[in-house]
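Visitor: For reference, the structure I am asking about is given below.
Every number here is computed from the coordinates shown, using simple stated rules; none is lab data. Here the structure is a predicted model, which means the values were calculated and not measured. Positions of Cβ are backbone-derived with ideal geometry, glycine not excepted, and every protein chain shown enters the neighbour counts.
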Amino acid sequence: MTDKPSQTLYAAFAARIDAVLAALEKEGHLPPETSRANVSVEPPRDPSHGDLATNAAMVLAKAAKTNPRALAEKIIEHLARDPLIESADIAGPGFINLRLARQNWITELRAIAQLGDDYGKSTIGDGKRVNVEYVSANPTGPMHMGHCRGAVVGDALAALLEFAGHEVTREYYVNDAGGQVDTLARSAHLRYREVLGEDIGDIPEGLYPGAYLVPVGQAAAEEFGARFQAEPEEEWLPIFRAFAVERMMDLIKSDLALLGIRHDVFSSEAALQAAQKPEAAEAWLREHDLVYDGVLEAPKGKAPPEDWEAVELPLFRSTKFGDDQDRPIKKSDGKWTYFGADLAYHMQKAEKADALIDIWGADHSGTVKRIKAAVAALSEGQGKPIPFDVKLVQMVQLLRGGEPVKMSKRSGNFVTIADMVEEVGKDVVRFSMLTRKPEAQMDFDFAKVIEQSKDNPVFYVQYAHARISSILRKAADQGVAPSADALDTLGEHELDVIKQAAQFPREVEAAARAREAHRIAFYLYDLAAAFHALWNMGNDDPGKRFIVGQDPAVSSARLFLASQIGQVIRNGLALLGVEAVEEL
């Protein structure tokens, strides 16, 4: 059995160039132990310039005490001896463009076949533990469109980081300690009384009117009978709070499962406070002089409210870490502020992770600075860096044939994730949420996301895989199988598609470093476009079809190529949580 290759093409050539630089050190053209951290090896922006470009001469010329073009010539002297490099040229002030021998691309195609589902996997994560928190919706109702985009972005990012070598924890923070949970409990109790036969009339202002609470009321009636029907609120409120939250979380998990989303950890804010984690965080911060007792300044830019008064509060020194002002961690009544509880929660997460990532809705942008300040304080106090990234996800506008779909959570009339999945399918929803950068506004048009056209990225990528599957089925019916025996028969157009497929490992690493899973969706669209263009050539020239009746060797080679492009598409779609379909 052939051993699986340890490096894919771009990593292998980065290593070759690094070896050339090491040789130049030995020859005295570079000082010993010169840092090569800023040396890049990547495809040039213009493919006509070659297959690879490196800035090595540009970034190392100063250390070598020479000009970039002179150093580039020394590098090229070594590269010219490499049989896997067809040509090396200096461009502009000292960039080096390389053209690779065609055998490299044939070898890479074989590597895709050998690695299979592992093609594109990376070790750049080095096993470092990353906590990705996403969704974290208040447990007051079903998952709706407002939660969907962040859920998909977080889930795809978690999968991407795992593929890139990280140990990932997917976490959901249950906000079950605020006033909204009391409102939920009262709303559920009202439905409970309704199930028991009371005429509750119209849902009172301030309670949740959604019909999704009817099953909760039914479950409560089965659990408690009429025990709490006429009891005072103080008797049933804490019981109904816990009962309703549990039922809502069951519903939320069920909704998320429709999207193929799971979490490893569900952390409760109520449990956090019951365990006195905020108190422990405050003690730790005071010990490190990061919390002090002080008075907040009056609101700036306008006269303070008549009832405003200076009150001494425990304040976190967030200005020390770039925030606009120091932030209170407790209210004047002694209860924890949302920030105080959130600070303790992030401290809890940091105990078990090397890096933290939060996926938030764009409406939380105002709290980014203070939470980043809190994590920076933890890093300083614990003496270890804790990288922390907040990804803000813009809302999605729902359309149907170009017309806005109205929804209102308050009235109970909103489009749920379950509604969306039922109408267009999980894969369409997931891929669509990743067709734009998370920070950009996006429209989700129920008509357009199922449209069968090049303008619909979901269809275009899935169609490429379905088309490959169809080709392979037809070939099997004709007794022709994919084979790597005659890959030297592949022409320049086929090599161009292999070059596009060979970008996948680089795209994985770049996307993982940037924490941007949508890059994979963009890449898959480009790969699908390259494959469709190759397939379309057969419409004008039968000799360029994948199955050439009079030439089984060429057919087998092209089928092998198609099979490996399908493999790369499957690997990319798997990172997005999307199934690669066999037919459309």
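Visitor: If you fit an axis through the alpha-carbon atoms of helix 368-382 and take the longest principal axis of the Cα set of the chain, what angle between them do you get, 0 to 90°, nearest 10?
Guide: 80 degrees
Visitor: Can you tell which of 547, 236, 143 lies farthest toward the positive end of the dipole of the chain, using +1 and -1 charges on the Cβ of basic and acidic side chains (Lys, Arg; Asp, Glu)?
Guide: Going by the Cα projections, it comes out as 547.
Visitor: Viscosity 1.567 mPa s, temperature 4 °C: what is the translational diffusion coefficient of the stretch 9-100 from Stokes-Einstein with a Kirkwood Rh over Cα pairs, rounded to a whole number of µm²/s?
Guide: Diffusion coefficient, whole number: 100 µm²/s.
Visitor: Would you give the gap between the C-alpha center of the stretch 328-349 and the C-alpha center of the stretch 100-167, rounded to a whole Å?
Guide: After rounding, the separation between the Cα centres reads 33 Å.
Visitor: Considering just Cα atoms, how many Å³ per residue does the convex hull of the stretch 427-523 enclose?
Guide: Each residue corresponds to 136 Å³ of Cα convex hull volume.
Visitor: Turning to a different aspect of this structure: Please enumerate, by chain and number, the aspartates and glutamates with C-alpha under 20 Å from the C-alpha of residue 544, excluding those fewer than 8 residues away in the same chain.
Guide: Of all the aspartates and glutamates, those that pass the test against residue 544 - Cα under 20 Å, at least 8 places apart if same chain - are 477, 485, 488, 492, 494, 496.
Visitor: Below 8 Å, C-alpha to C-alpha, sequence gap of six or more: please give me the relative contact order for the chain in percent.
Guide: RCO, the chain: 15 percent.
Visitor: Please list, by residue number, every one of the GluC sites (Glu not before Pro) in the stretch 172-223 that is coil in DSSP and has at most 10 other beta-carbon atoms within 10 Å.
Guide: When the GluC sites (Glu not before Pro) of the stretch 172-223 are filtered for loop state and at most 10 Cβ neighbours within 10 Å, 205 remain.
Visitor: Where a ≥ b ≥ c are the square roots of the eigenvalues of the C-alpha gyration tensor, would you call the stretch 453-576 rounded, which needs a/c under 1.5, or, failing that, prolate if a/b is larger than b/c, or oblate?
Guide: prolate
Visitor: Apply 1/(1 + (r/R0)^6) to the Cβ-Cβ distance of residue 280 and residue 392, taking R0 = 35 Å, and write down the FRET efficiency to the nearest 0.05.
Guide: Efficiency, rounded to the nearest 0.05: 0.75.
Visitor: Counting Lys and Arg as +1 and Asp and Glu as -1, each charge on the Cβ, what is the dipole of the chain about the Cα centre in debye, to the nearest 20?
Guide: Dipole about the Cα centre, nearest 20: 1480 debye.
Visitor: State which entries of 320/384; 320/391; 253/335 exceed 19 angstrom in Cα-Cα distance in the structure shown.
Guide: Exceeds cut-off: 320/391; 253/335.
Visitor: If each Cα of the stretch 179-258 is one equal point scatterer, what is log10 of I(q)/I(0) from the Debye formula at q = 0.22 Å⁻¹?
Guide: With one equal scatterer per Cα and no solvent, log10 I(q)/I(0) is -1.02.
Visitor: Say each of residue 406 and residue 246 gets a label point 7 Å from the Cα, pointing the same way as Cα to Cβ; how far apart are those two points in nm?
Guide: Label at residue 406, label at residue 246, 3.9 nm between them.
Visitor: Further question: Residue separation times 0.36 nm, minus the C-alpha to C-alpha distance between residue 254 and residue 62: what's the value?
Guide: 63.2 nm
Visitor: Give, in whole angstrom and from largest to smallest, the semi-axes √(5λ) of the equivalent ellipsoid of the stretch 383-492, with λ running over the eigenvalues of the Cα gyration tensor.
Guide: 39, 24, 13
Visitor: Give me the number: length gained by fully extending residue 545 to residue 11, i.e. 0.36 nm times residue separation minus the C-alpha to C-alpha distance, one decimal in nm.
Guide: 189.0 nm
Visitor: Cα gyration tensor of the chain, axes a ≥ b ≥ c as square roots of the eigenvalues: rounded (a/c below 1.5), prolate (a/b > b/c) or oblate?
Guide: In terms of gyration-tensor shape, oblate.
Visitor: Using a 10 Å cut-off on Cβ atoms, rank the peptides 367-378, 70-81 from the highest mean neighbour count down.
Guide: Final packing ranking: 367-378, 70-81.
Visitor: Working out 0.36 nm times the residue gap between residue 382 and residue 422, then minus their Cα-Cα distance, what length gain in nm do you get to one decimal?
Guide: Net length gain for the segment: 9.6 nm.
Visitor: In degrees from 0 to 90, rounded to the nearest 10, what is the angle of the helix 492-501 Cα long axis to the longest principal axis of the chain?
Guide: Between helix and principal axis, roughly 30 degrees.
Visitor: Same structure, new question: Taking the Cα-to-Cβ direction at residue 113 and at residue 182 and moving 7 Å from each Cα, how far apart do the two end points lie in nm?
Guide: 6.8 nm
Visitor: Shifting gears a bit: For residue 266 and residue 200, FRET efficiency with R0 = 35 Å and r from the beta-carbon atoms, rounded to 0.05?
Guide: Plugging the Cβ-Cβ distance into 1/(1 + (r/R0)^6) gives 0.65.
Visitor: May I pose another question? How high is the relative contact order of the stretch 9-100, in percent, with contacts defined as C-alpha pairs under 8 Å that are six or more residues apart?
Guide: 26 percent
Visitor: How would you rank 381-392, 514-525, 175-186, highest first, on the average number of other Cβ atoms within 10 Å across their residues?
Guide: 514-525, 175-186, 381-392
Visitor: Also, I was wondering about something else. If R₀ is 60 angstrom, what is the calculated FRET efficiency for the pair residue 439 and residue 553, using the beta carbon separation as r and rounding to 0.05?
Guide: 0.75
Visitor: Among 349/426; 352/372; 26/62, which pairs are too far apart, with a Cα-Cα distance over 23 Å?
Guide: 349/426
Visitor: Right, something else. For the chain, what is the calculated [θ] at 222 nm in deg cm²/dmol (nearest 500), taking -39500 (n - 2.57) for each run of four or more DSSP H residues and dividing by its residue count?
Guide: Taken over the chain, the calculation gives -15500 deg cm²/dmol.
Visitor: Give the percent of DSSP beta bridges with both residues in the chain that are antiparallel, rounded to the nearest 5.
Guide: 50 percent
Visitor: If you don't mind, another one. Just to confirm my numbers, what's the Cα centroid distance between the stretch 481-554 and the stretch 10-43 in Å?
Guide: Computed from Cα coordinates, the inter-centre distance equals 31 Å.
Visitor: Moving on. Based on the mean of other Cβ atoms within 10 Å per residue, sort peptides 235-241, 483-489 so the most packed one is first.
Guide: The densest-packed peptide leads the list: 235-241, 483-489.
Visitor: Can you give me the distance in nm between label points at residue 581 and residue 19, each placed 7 Å from the Cα along the Cα-to-Cβ direction?
Guide: 4.6 nm
Visitor: Now, a different point. Mind checking the dipole of the stretch 453-576: about its Cα centre, +1 per Lys or Arg Cβ, -1 per Asp or Glu Cβ, Debye to the nearest 20?
Guide: In debye, rounded to 20, the stretch 453-576 gives about 420.
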